[in-house]
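**Student:** Starting off with a structure, shown below.
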Amino acid sequence: MGTRARDLFGGYDLVLLTSVGLLLTIGLLELYSSSLARPELLPLVVRQLVSASLGVILLMVCSRLSYRSYRSWASVLYVVALVLLGLTLIFGYTSRGTTGWIRVGLLSYQPIELVKFIWVVVLSSYLTHVGSPLTWRKTIASLLLLAPLLGLTLAQPDFGSGFVLVVVWGALALAVPKSKKWWLGMAALTVVVVSLGTFMLKDYQRDRLMNVVNSRRDPLGTGYNVTQSVIAVGAGQWWGRGLGLGTQSRLKFLPEQHTDFIFASVAEELGFI
């Protein structure tokens with residue numbers, strides 16, 4: 001690598017940057033491919049390109065800041081997260097049954113996406129402050145930090161993002177040394193929570209879980225989305241049908257091909273490889 005390249009990329013993880021660049025490129029190509037069958041998506045391609053460019057610039061700026069500086073802002077960021085989620089419930093608009101977006105002019109934004117980052121900073125700061133080992137008192141305190149964020153997120157209701165917040169808590173909690181008794185207690189608590197949670201699920205949520213196990217139980221009804229996505233993935237085989245040539249996507253059998261089911265679109269058009 002030349003001197004100029006080292007000056008430009010010195011200190012960066014090139015593997016990570018390359019991976020992010022590939023993901024952005026593939027995502028933009030697939031979004032453009034979707035717009036060939038649905039011209040109304042073309043403005044979304046432009047908006048995504050602008051957002052990706054701004055994101056890369058922000059990545060470069062933030063990567064030059066010491067991660068330790070975030071710790072001093074943890075308390076303020078936590079309050080900001082609560083305010084954002086509260087404002088979303090009050091002033092946000094509803095799309096597909098979820099009140100999770102705030103519109104500013106022509107742009108709309110999901111505050112929960114910023115809250116996910118804030119939660120990582122807040123929880124890691126707390127666990128660093130209290131130190132190890134992770135006792136039950138510290139665990140309960142961390143769960144009390146999670147509860148308001150999780151409650152406001154589920155009130156939207158956004159169960160997917162709520163699940164992400166819980167997973168972040170679990171991932172960071174696992175990184176802290178703890179006793180064998182903690183593991184036993186957490187296993188018992190998990191069983192109780194999951195058991196109680198199954199009784200709180202709504203019918204459509206229970207159907208989604210059942211369709212993961214067996215999508216053929218109702219292929220034209222609740223299992224339609226899963227069935228069509230499986231067909232799309234299988235149709236791509238090793239090398240794919242080619243960008244813009246996916247029949248499941250172009251003929252609109254695949255629902256939400258540019259968002260929820262974009263993985264299936266990529267698999268059909270670009271293949272397994």
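The values are calculated or read from the model by the stated rules, or taken from the named source; none is laboratory data. Note that the coordinates shown come from a computational prediction; the quantities given were computed from them, not determined experimentally. Cβ atoms come from the backbone with ideal geometry, glycine included; neighbour counts cover every protein chain shown. Quick note on the areas: whole protein, heavy atoms, side chains included, nothing else; ligands and nucleic acids left out. Shrake-Rupley method; radii C 1.70, N 1.55, O 1.52, S 1.80 Å.
**Student:** With only Lys, Arg, Asp and Glu charged, each at its Cβ (+1 for the first two, -1 for the last two), find how big the charge dipole of region 116-273 is about the Cα centre; round to the nearest 20 debye.
**Tutor:** About 580 debye.
**Student:** For the chain, what does the accessible surface come to per residue with a 1.4 Å probe? Please give it in Å².
**Tutor:** Value for the chain: 64 Å² per residue.
**Student:** Also: Taking all protein chains as present, what is the carbon and sulfur share of the accessible area of the chain, in % to the nearest whole number, probe 1.4 Å?
**Tutor:** Looking at the chain in its full context, I get 70 percent from C and S.
**Student:** Could you sort the peptides 84-94, 19-29 by per-residue average Cβ neighbour count (10 Å cutoff), highest mean leading?
**Tutor:** The most tightly packed comes first, giving 84-94, 19-29.
**Student:** Just subtract the alpha-carbon distance of Leu189 and Thr25 from 0.36 nm times their residue separation and send over the number in nm, one decimal.
**Tutor:** Here the segment from Leu189 to Thr25 would lengthen by 54.8 nm.
**Student:** Among residues other than Gly271 whose Cβ falls under 13 Å from its Cβ, what is the net charge (Lys/Arg +1, Asp/Glu -1)?
**Tutor:** That works out to -2.
**Student:** So if a site counts as exposed when it's one of the trypsin sites (Lys or Arg not before Pro), its DSSP state isn't H, G, I, E or B, and it has at most 16 other Cβ atoms within 10 Å, what's the longest stretch of the chain without one?
**Tutor:** 97-201
**Student:** Which one of Leu134, Ser195, Ala37 is farthest out on the positive end of the charge dipole of the chain, using unit charges on Cβ (Lys, Arg +1; Asp, Glu -1) and the Cα centre as origin?
**Tutor:** Going by the Cα projections, it comes out as Leu134.
**Student:** Pick out the long, greasy-scoring helices in the chain: whole DSSP H runs spanning 20 Å or more along their own axis by Cα, mean Kyte-Doolittle at least 1.6.
**Tutor:** Correct list, ordered by number: 14-37, 42-63, 74-91, 159-174.
**Student:** Among Leu14, Leu154, Leu41, which one shows the biggest mean-square fluctuation in a GNM of the chain, springs joining Cα atoms closer than 10 Å?
**Tutor:** Per the Cα network of the chain with a 10 Å cutoff, Leu14 tops the list.
**Student:** Over the chain, with a Gaussian network built from C-alpha contacts below 10 Å, which listed residue (Leu58, Leu44, Leu149) shows the highest mean-square fluctuation?
**Tutor:** Sorting by GNM fluctuation, first place goes to Leu58.
**Student:** Using the scaling law 2.2 N^0.38 Å as the reference, what is the normalised Cα Rg of the chain?
**Tutor:** 1.18
**Student:** A follow-up question, please. So what's the gap between the Cα centers of region 8-85 and region 150-184, to the nearest angstrom?
**Tutor:** Cα centres, region 8-85 to region 150-184: 24 Å.
**Student:** Also: Which residue, Thr98, Thr139, Thr190, has the most motion in a Gaussian network model of the chain that connects Cα atoms within less than 10 Å?
**Tutor:** For the chain, modelled as a Gaussian network with Cα springs under 10 Å, the answer is Thr190.
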